[in-house]
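Each remark here refers to the structure printed beneath this line.
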Amino acid sequence: MKVFIVYDTKYGNTRLAAESILEGIRETNGIEAAIGYVKDVDAGKVADSDAVILGAPNHMGKPSRAMKKFVDQLVELGVKAKSAVVFGTYAGKERSDRAVKKLEKMLEQKLPNLRLILPGLSIRVNGVKGPVVEGELPKCVDFGRKIASQLTT
């Protein structure tokens, strides 16, 4: 089972969330997991994975432009992955998963063969630049464990 986590980040908070998710996934044997920054990763390698995990910061209620472009690249390449999960970071006191929901909807519309195996995860950061709010990164590790569990059953 090959899993690829692709994240976009401006201040490093979404990268920290992605790395924590990876940590949780790697606790399960039989899953080969890789991670990459959206602007550096080879979309072809991601397209050949069994599962794709996409993470982006919330930009005014939407996923980042770089992540939207990456999804379009996956569409062009004809992604082979069967499963997907999304996550994101947001600033503010109110729980805001609008960007995560929009990214899920984008995947459902543009890549209908992908099955969303879990509801997306939204991680809160302090202010626009962060840091990640205390207690949020352990949620990411747990999310990674849940992803691994879904992929190995």
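Based on what the data block shows, is MET60 free of Cβ contacts under 8 Å to residues at least 12 places away in the same chain and aliphatic (A, V, I, L, M)? Yes: the conditions hold for MET60. Scanning region 116-149 for residues that are over 16 Å from ALA18 (Cα atoms), modelled with pLDDT of 95 or more and either of a type in the set (Lys, Arg) or assigned to a helix (DSSP H, G or I) (or both) returns a single hit, SER149.
Scanning region 90-115 for residues that are of a type in the set (Gly, Ala, Ser) and outside any strand (DSSP E or B) gives GLY92, SER96, ALA99.
If you go through region 34-62, how many residues are assigned to a strand (DSSP E or B) and either of a type in the set (Lys, Arg) or surrounded by fewer than 23 Cβ atoms within 10 Å (Cβ to Cβ) (or both)? Steps first, please.
Initially, region 34-62 is screened for residues assigned to a strand (DSSP E or B), giving 34-37, 51-59, 62.
Still in the list and also either of a type in the set (Lys, Arg) or surrounded by fewer than 23 Cβ atoms within 10 Å (Cβ to Cβ) (or both): 34-37, 59, 62.
Residues that pass the stated criteria total 6.
Filter region 63-99 for residues that are closer than 18 Å to TYR11 by Cα, crowded, with 23+ Cβ neighbours inside 10 Å and hydrophobic (A, V, I, L, M, F, W, C); which is nearest to the chain's Cα centre (by Cα)? This residue is PHE87. Of PHE70, PHE4, PHE87, all but one fail to be more than 16 Å from LYS139 (Cα to Cα), of a type outside the set (Gly, Ala, Ser) and assigned to a strand (DSSP E or B); the exception is PHE4.
Here is a list: VAL75, VAL6. Which entry is in contact with a helix residue (DSSP H, G or I) (Cβ under 7 Å, 6 or more places away or on another chain) and within 17 Å of LEU118 (Cα to Cα)?
Numbers: VAL75 fails: within 17 Å of LEU118 (Cα to Cα).
One residue alone meets the criteria, VAL6.
The values are calculated or read from the model by the stated rules, or taken from the named source; none is laboratory data. Being a predicted model, the structure only gives us computed values, none of them experimental. Don't worry about glycine lacking a Cβ; one is built from the backbone with ideal geometry, like all the others, and counts go over all protein chains shown.
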